[in-house]
Number of protein chains: 2
Amino acid sequence: MGVLRVTNALLLAGAESVPLPSALLQAEDGVITYVGRESEAPPCPPDAEVLDAEGMLLIPGLVNAHTHAAMTLFRGVADDMPLKPWLEEKIWPMEGRLAPEDVYWGTLLGIAEMLRAGVTCYNDMYHFFTEGARAAVDGGIRAVPSGVLLGFLPNAEDLLAEAVEFCVELVRSGPSRVTPMLGPHAPYTCPDLLLRKVITLAGEHHLGIHIHLSETAGEVEDSIREHGVTPLQHMADLGMLELQVAAAHCVHLTDADVALAAETGLGCCHCPTSNMKLASGFARVPDLLAAGAVVGLGTDGAASNNNLDMIEEARMAALIHKGYRGDPTAVTARQAFAMATLGSARALGLADRIGTLEVGKQADCVLLDLSRAHLQPLHDIVSQLIYAAQASDVHTVIVDGEVLLRDRRFLKLDEERVIAEASARSLRLAHP
Amino acid sequence: MGVLRVTNALLLAGAESVPLPSALLQAEDGVITYVGRESEAPPCPPDAEVLDAEGMLLIPGLVNAHTHAAMTLFRGVADDMPLKPWLEEKIWPMEGRLAPEDVYWGTLLGIAEMLRAGVTCYNDMYHFFTEGARAAVDGGIRAVPSGVLLGFLPNAEDLLAEAVEFCVELVRSGPSRVTPMLGPHAPYTCPDLLLRKVITLAGEHHLGIHIHLSETAGEVEDSIREHGVTPLQHMADLGMLELQVAAAHCVHLTDADVALAAETGLGCCHCPTSNMKLASGFARVPDLLAAGAVVGLGTDGAASNNNLDMIEEARMAALIHKGYRGDPTAVTARQAFAMATLGSARALGLADRIGTLEVGKQADCVLLDLSRAHLQPLHDIVSQLIYAAQASDVHTVIVDGEVLLRDRRFLKLDEERVIAEASARSLRLAHP
């Protein structure tokens, strides 16, 4: 891939960093080899690709810690409904009609939307996940796909075996932008027997696990009734929390759950918009942060959000806890930015490779255009990013040192075709 | 101004309307003379200005029912702070340094941001409000400015006299896009004597009143301690609620307050982002709607939001009450859209002129570009608008039949100069 240089940027290398004007980032074969003052940068190699970032903010790419990307196919099909009829009458019948190619195109639509919103990596769980992985490769984005495992499906064990085979093969084929995980849907949809197998196989093959945990109050009540413990404690008892686990939602936690999450390094993937929209409630994010837990941020799927905009998601995270706790200092802009970058990276076990802009990490980064009226005046760049910026301020997106979006135009992805394919398939799924 | 025709649009004439494809809107001298099926439209006059809206959604302009537009000057100056030091150490010292010209440029910056977000009318309260009104005229937007009246200022009575004079003069000079109101800040900053004068003068001159009511729990407690009644009941006792009143926030209401608001037609201006950010709490919007109260929607100022994006504000209104009430049907997308249009128009006493696209009303309307990935597929246009659309989807903005933004470019406002002037002034105010 050669050398890429981003010059003349306002750099925010991570949530803990001080903003640095006139900064330069250099990447060689996808890895950051210099990031800092332009005046102290190494000389420009003659064959380098140089991007001038005058008037722009350079940040680490946003990491969407929990989504079902192909569910863009169901965006706006059903809203403002109670959960049961929403699932049983709307979502599940449409999912029952899904073909593998639908997942491919739906995922690509999600990828197009995410790249435009500055997302350079996402954690996915869905049916036909090899198709989702193929879409990620074709879109150029970094992805952590997992196939959804549901214990009530007759072929659950076959799907697990296939998933493990796919993961092992992918890992064997060498480094790539795709890091697969295993995806048991949730404790209430996967019996212990299946979960134990997942845990054993994940441990054996060094794979992470992506699961939904403690999303609703009812789920926690049911777990206590059935197992005598909360979903988090139940997973700990099975030995899951010794592995790398990205746990979506973590809304209804006991004090002991919060401590357990912090102790075990569980990746708590906060999804504030989805938790509002489906009336799940307010996750204990301030408590998790205070306990030193790993907290990432995700959009969830487009059927329960209905967008994949991580800037907005970070804004939501910074706003709702203030209102709910009655504390205007709860979840600061800086904490929300940390969640959307390094926090999510840690939740996915990728913090050594992404989440901040540092020498030795992958060059996954985003340039935001600061020139528009809603971003002026500029007093505090983190505040501006979290409370005022829009997805459409994203000007350039780089993954693994490859420029995927430049001047808001895709260089790799055929957006028009993706929209046409995904939309046509979505209409057929909704109106068979 | 002549004849303006918008052709080939997907029309959503109001929150109660069924979407209509292939629609046409015609305006003559700023007033809508036809809106409906293109096939049944009157012939096109030869001198008409025709805008082709192929692939676009035509909606009534959004109405921001409560803001302090010039506070864009303080965007990002201080966030994540408790209210008292935020006001006393940050906002008030900067406001103390404001010059009239600062308010003019700060307001214009807010207008630029609002127009880009599809806002065609806003309800403003601020210092040097004649400068704010001048900015509205120069920007071309519809505005309801009021000068903030604070009882503790030594010149409060003089400011009231000046405000009345300005309002009367403006009304006398004939119809315009500016409808002034009187702006007593709040019951806790204005003694009864001043409020009684405001009420008398407003009644005499047929002026509306813009006030903050029941924003925080502390304000309500203080009112009950001091006056024996809630702020709403206190205003009712003074006779204010017989007039047209736009009451910002209305967060902490008793059951009796909710009934009183509905009975009197009080314009409750819901500001969900500000209420989250300042930790004021969750307004009883589902109860107000159920009681048949007038509920509009506002962004509040950019110091406590930090943007003036009404699409996002409507999304916030549709999301947070679901989470807080534990009810996924609370505040539907359609209700949020109604609040952001006709609800706000009613709260400002302008429902006979704006808030829906109907023959006889003013041609204040917005075209949104539906082509981008985050708005695909298209199943339910109201859901898409509230849960997925972005300010940057706004393509064209028309106020009073005049095209102010076209293809995301300003035709009247010099955005570059506005940004430069406002930003320079903001930096001087923050670092004197």
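The values are calculated or read from the model by the stated rules, or taken from the named source; none is laboratory data. As the structure is a prediction and not an experimental result, all values here were calculated from the model. Backbone-built Cβ (ideal geometry, glycine too); neighbour counts: all protein chains shown.
May I ask you to verify whether B:Leu289 is assigned by TED's automatic domain parsing to the domain that holds B:Leu193, under 20 Å from A:Ala318 (Cβ atoms) and within 20 Å of the chain's Cα centre (by Cα)? Spelling it out, it is not the case that B:Leu289 is assigned by TED's automatic domain parsing to the domain that holds B:Leu193, under 20 Å from A:Ala318 (Cβ atoms) and within 20 Å of the chain's Cα centre (by Cα).
Looking at the stretch B:190-201, is at least one residue in the same structural domain as B:Met81 (by TED's automatic domain parsing), without any contact (Cβ under 8 Å) to a residue 40 or more places away in the chain and within 20 Å of the chain's Cα centre (by Cα)? Taking every residue of the stretch B:190-201 in turn, none turns out to be in the same structural domain as B:Met81 (by TED's automatic domain parsing), without any contact (Cβ under 8 Å) to a residue 40 or more places away in the chain and within 20 Å of the chain's Cα centre (by Cα). Could you say whether any residue in the stretch B:20-41 is modelled with pLDDT of 95 or more, in the same structural domain as B:Gly267 (by TED's automatic domain parsing) and of a type in the set (Val, Ile, Thr)? No, there is no match, as no residue in the stretch B:20-41 is modelled with pLDDT of 95 or more, in the same structural domain as B:Gly267 (by TED's automatic domain parsing) and of a type in the set (Val, Ile, Thr). Suppose the filter is closer than 24 Å to A:Ala422 by Cβ, β-branched (Val, Ile, Thr) and touching a Leu at 6+ places or on another chain (Cβ under 7 Å); does A:Ile141 pass it? Considered against the rule, which asks whether it is closer than 24 Å to A:Ala422 by Cβ, β-branched (Val, Ile, Thr) and touching a Leu at 6+ places or on another chain (Cβ under 7 Å), A:Ile141 comes out as yes.
If only residues of the stretch A:229-274 that are within 14 Å of chain B (Cβ to nearest Cβ) and in contact (Cβ under 8 Å) with a residue 60 or more places away in the chain are counted, the one that is farthest from A:Gly203 (Cα to Cα) is A:Cys271.
Look at B:Glu221 and say whether it is closer than 22 Å to B:Phe282 by Cα, charged (D, E, K, R) and not in a helix (DSSP H, G or I). Judged against the criteria, B:Glu221 is not a match. Selection of the stretch A:118-130 for residues being crowded, with 24+ Cβ neighbours inside 10 Å and in a helix (DSSP H, G or I) yields only A:Phe129. Mind checking whether some residue in the stretch A:373-396 is free of Cβ contacts under 8 Å to residues at least 60 places away in the same chain, more than 24 Å from B:Leu108 (Cα to Cα) and of a type in the set (Asp, Glu)? So far as the stretch A:373-396 goes, no, none of its residues is free of Cβ contacts under 8 Å to residues at least 60 places away in the same chain, more than 24 Å from B:Leu108 (Cα to Cα) and of a type in the set (Asp, Glu). Checking B:Ala202, B:Ala163 one by one, the residue that is assigned to a helix (DSSP H, G or I) and in contact with a Gly (Cβ under 6 Å, 6 or more places away or on another chain) is B:Ala163 and no other.
Just one residue in the set B:Ala117, B:Ala53, B:Ala41, B:Ala78 is within 26 Å of B:Cys250 (Cβ to Cβ) and touching a strand residue (DSSP E or B) at 6+ places or on another chain (Cβ under 7 Å); that residue is B:Ala117.
Tell me the strands (runs of 3 or more DSSP E) entirely within the stretch B:1-117 that contain at least 1 residues that are within 30 Å of A:Ala318 (Cα to Cα) and touching a residue at least 12 places away in the same chain (Cβ under 8 Å).
Numbers: elements: B:3-11, B:20-28, B:31-37, B:49-52, B:56-60, B:62-67.
Because the criterion is at least 1 residues that are within 30 Å of A:Ala318 (Cα to Cα) and touching a residue at least 12 places away in the same chain (Cβ under 8 Å), the strands (runs of 3 or more DSSP E) in the stretch B:1-117 that meet it are B:62-67.
Looking at B:Arg425, is it free of Cβ contacts under 8 Å to residues at least 24 places away in the same chain and surrounded by fewer than 24 Cβ atoms within 10 Å (Cβ to Cβ)? It is false that B:Arg425 is free of Cβ contacts under 8 Å to residues at least 24 places away in the same chain and surrounded by fewer than 24 Cβ atoms within 10 Å (Cβ to Cβ). Note on the stretch B:310-332: residues that are in contact with a Gly (Cβ under 9 Å, 6 or more places away or on another chain) and within 29 Å of A:Gln384 (Cα to Cα) total 6. Scanning the stretch A:234-262 for residues being over 30 Å from A:Cys121 (Cβ atoms) and either buried (at least 18 other Cβ atoms within 10 Å of the Cβ) or among the aliphatic types (A, V, I, L, M) (or both) gives a total of 1. Assessment of the stretch B:211-218 against the conditions (crowded, with 16+ Cβ neighbours inside 10 Å and more than 26 Å from B:Asn307 (Cα to Cα)) yields no matching residue.
A:Thr254 fulfils the conditions (1) of a type in the set (Ser, Thr, Tyr); (2) out of contact with any Gly (no Cβ under 8 Å at 6 or more places or on another chain); (3) under 30 Å from A:Ser426 (Cβ atoms) except for a single criterion, (3). Checked against the criterion of being crowded, with 24+ Cβ neighbours inside 10 Å and in the same structural domain as A:Glu313 (by TED's automatic domain parsing), the candidates A:Gly96, A:Gly151, A:Gly140, A:Gly147 yield just one match: A:Gly147.
Might you let me know whether the stretch B:56-65 holds any residue that is more than 23 Å from the chain's Cα centre (by Cα), surrounded by fewer than 24 Cβ atoms within 10 Å (Cβ to Cβ) and not acidic (Asp, Glu)?
Filtering the stretch B:56-65 for residues more than 23 Å from the chain's Cα centre (by Cα) gives B:56.
Still in the list and also surrounded by fewer than 24 Cβ atoms within 10 Å (Cβ to Cβ): B:56.
Okay, now just the ones that are also not acidic (Asp, Glu), so B:56.
Yes - at least one qualifying residue is present in the stretch B:56-65.
Within the stretch B:76-110, track down each residue that is among the small types (Gly, Ala, Ser), within 12 Å of chain A (Cβ to nearest Cβ) and farther than 20 Å from A:Gln335 by Cβ. I'd like the intermediate steps shown before the answer.
Taking the stretch B:76-110 first, the residues among the small types (Gly, Ala, Ser) are B:76, B:78, B:96, B:99, B:106, B:110.
Imposing the further condition that a residue be within 12 Å of chain A (Cβ to nearest Cβ) reduces the set to B:76, B:78, B:106, B:110.
Answer for the stretch B:76-110, where residues must be among the small types (Gly, Ala, Ser), within 12 Å of chain A (Cβ to nearest Cβ) and farther than 20 Å from A:Gln335 by Cβ: B:Gly106, B:Gly110.
Total residues in the stretch B:308-337 satisfying the condition of being over 13 Å from the mean Cα position of the chain (by Cα), crowded, with 24+ Cβ neighbours inside 10 Å and of a type in the set (A, V, I, L, M): the figure is 8.
Taking the stretch A:275-300 as the region of interest, how many residues are under 21 Å from A:Leu342 (Cα atoms), of a type outside the set (A, V, I, L, M, F, W, C) and either surrounded by 24 or more Cβ atoms within 10 Å (Cβ to Cβ) or more than 14 Å from every other protein chain (Cβ to nearest Cβ) (or both)? I'd like the intermediate steps shown before the answer.
Within the stretch A:275-300, the subset under 21 Å from A:Leu342 (Cα atoms) is A:283-300.
From what is left, the residues that are of a type outside the set (A, V, I, L, M, F, W, C) are A:284, A:286-287, A:292, A:296, A:298-300.
Subsequent filtering for residues that are either surrounded by 24 or more Cβ atoms within 10 Å (Cβ to Cβ) or more than 14 Å from every other protein chain (Cβ to nearest Cβ) (or both) retains A:284, A:287, A:292, A:296, A:298-300.
Matching residues across the stretch A:275-300 total 7.
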